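This report concerns only the one structure given below.
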Amino acid sequence: MTEPLLCDISVPGRQALRFPQPDVPLAKLPAGLTRQDLPLPELSEVDVVRHFTRLSQMNYCIDVGMYPLGSCTMKYNPKINEETARLPGFAHTHPLQPIETVQGNLLLMYELQEYLREIGGFAAMTLQPAAGAQGELTGILIMRAYHEDRKDTRRIKMLIPDSAHGTNPATSAMSGLRVVQLPSDSRGNCDLEALKAECDDTLAGIMITNPNTLGLFDEHIEEVIRLVHEAGGLVYGDGANLNALLGIVRPGDLGIDVMHYNLHKTFSTPHGGGGPGSGPVGVAAHLVDFLPGPLVGIVEEGDDDLPPLYGFVMPRKSIGRVKSFNGQFGMMVRTYTYVRMHGPDGLRKIAEYAVLNANYLLAKMRHAYHLPYQRICMHEFVAEGCWADAPEIHALDVAKRMMDYGLHPPTNYFPLIVHEALMIEPTETESKQTLDDFVEVMLKIAEEAHTSPELLKTAPHNTPVGRLDEVKAAKDLVLCCGVGAPGEA
Ligand SMILES: *Cc1c(COP(=O)(O)O)cnc(C)c1O
């Protein structure tokens, strides 16, 4: 089935817009600003609405079903977040307005800084970074600035466990550091002997994700942090998995020096195509001066009659600005709403249910899928999508077959250290009924892998498109029509 492109359903002369009669004299546009040869599709409003609605129904989204994408924390996004973000006082302000006219927005940002600081156990926060990956870059530049400020310029080595997300080594390399990969031990923890061997006076620090991407809490996290600190290094916490810890463990209390939060994961702001994201960064006291700026602060204390005046302040040794204006303000409103709606006890419950749900799935699936680490998991776990007695089946076949049952596949082939990885994260927002349905499908597929493997090899069967040539799709993008697709003259 091929969906028609907009240009295919174009009819000359059709249009969706009716302009009113002009009430000003007509004038010609300067030469060169208009062109006749731009073949834009000509469509009525109903044509456009139906086209895009039909396309949207061919897609999968969190409002349609469960999204067990490990490492991504694809939880339901409460609709109240959208209502608050659309309030005119938030949505219609401009970042260049005088601060006196946007005190409400600045108060919200200030309080959000304080909430996130408290949740993570840090001394100060920046809300600027636009995603987790940009938060990482911000954090690593802060660590570098700290070492340089102490004239400790030999520190060029960044340790990264082999279970890490790809953004960690990419960030370190982009920041001019030398990446050294650390192995994991047989229980999925950071290997302490390998770590000790790398702890010398060239160590800039370590980037650690806890719980890690195997869904396991590092049993030696305090020892890891102590060893790095004793060698003069700093500890970067990749906070993408904070959902498992909310209200239970504060990374700053463990000794983590700097960490990003993914508001589009832990704090329920829309993800991916529904973005943009937001990746605030928290730091311990010794790194506060290096934060990017400006930060929101109190620029004039209030008194009995007057509230304080909020404005922007620049940290003393700031690494500078990392994002235009003040970051993704709409995401901050959504996060603020989420934090206020849940309160401290509610946030803790999020983590408890996320961990409970993941362990429920794990317990129900463990007899049918091989697990590389036999431990209680945190908010996610990694299973293998392969069986010794079904040699032709791979994780990809399991993932594709899930689509036949109307499920979104989990993250697959990540983390790299698990063979044929299927990384499953249910999140706290899924009910027992949804989890039971998921388990039923997963057990069915495990059975099919043995009894009718061709069903898996040829899946998906009932989606709008079948198996894609992923390499061709990535290398030969066609993003537009009519104006000459790539490869056309
Ligand atoms: C999602 C994720 C990141 C990157 O965050 P983005 O917001 O997607 O840039 C980094 N590390 C881990 C472990 C992640 O899951």
Net charge around Thr337, counting only other residues with Cβ within less than 14 Å of its Cβ (Lys, Arg = +1; Asp, Glu = -1)?
+1
Burial ranking of peptide ranges 125-136, 191-202, 85-96 (average Cβ count within 10 Å, highest at the top):
125-136, 191-202, 85-96
In terms of the alpha carbon gyration tensor, root eigenvalues a ≥ b ≥ c, rounded if a/c is under 1.5 and otherwise prolate when a/b exceeds b/c or oblate, the chain is oblate
Which entries in the list Lys364/Lys444; Lys75/Lys457; Lys151/Lys317; Lys265/Lys349; Lys364/Lys432 go over 19 Å, if you measure between the two C-alpha atoms of each?
Lys75/Lys457
The set of residues whose placed amide H lies less than 5 Å from the amide H of Thr427, leaving out same-chain residues fewer than 5 positions away, is none
Label model pair Leu455, Glu223: point-to-point distance (7 angstrom along the Cα→beta-carbon line) in nm is 4.6 nm
Tell me, what is the per residue accessible area of the range 361-461 in Å², probe radius 1.4 Å?
42 Å²
For the range 309-323, 3J(HN,Hα) per residue [Karplus equation, 6.51 cos²θ - 1.76 cosθ + 1.60, θ = phi - 60°, Hz, x = Gly/Pro]:
9, 8, x, 10, 10, 9, x, 4, 10, 3, 6, x, 8, 10, 8
Do you know the relative contact order of the chain, to the nearest whole percent, from alpha carbon pairs under 8 angstrom that are 6+ apart?
18 percent
Normalised by the residues of the range 79-340, what does the relative contact order come to in percent, with Cα pairs under 8 Å and at least six apart?
27 percent
Phi-based couplings in Hz for the range 73-81 (Karplus 6.51, -1.76, 1.60; Gly and Pro marked x):
6, 8, 8, 4, 9, x, 6, 4, 4
Give, as a single signed number, the net charge of other residues whose beta carbon lies under 15 Å from the beta carbon of Thr202, with Lys and Arg counted +1 and Asp and Glu -1.
+2
Tally Lys/Arg at +1 and Asp/Glu at -1 over every other residue whose Cβ is under 13 Å from the Cβ of Gly327; what's the total?
+3
Excluding same-chain residues fewer than 8 positions from Lys196, which aspartates and glutamates have a Cα within less than 17 Å of its Cα?
Asp162, Asp185, Asp218, Glu219, Glu222, Glu223, Glu230
Within the accessible area of the chain (1.4 Å probe), percent carbon and sulfur
57 percent
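The values are calculated or read from the model by the stated rules, or taken from the named source; none is laboratory data. As the structure is a computational prediction, the values presented were derived from the model and not from experiment. Please note: Cβ atoms are built from the backbone with ideal geometry, for glycine as well, and neighbour counts cover all protein chains shown. The area values use the complete protein model at the heavy-atom level, side chains included, leaving out ligands, DNA and RNA. Shrake-Rupley method; radii C 1.70, N 1.55, O 1.52, S 1.80 Å.
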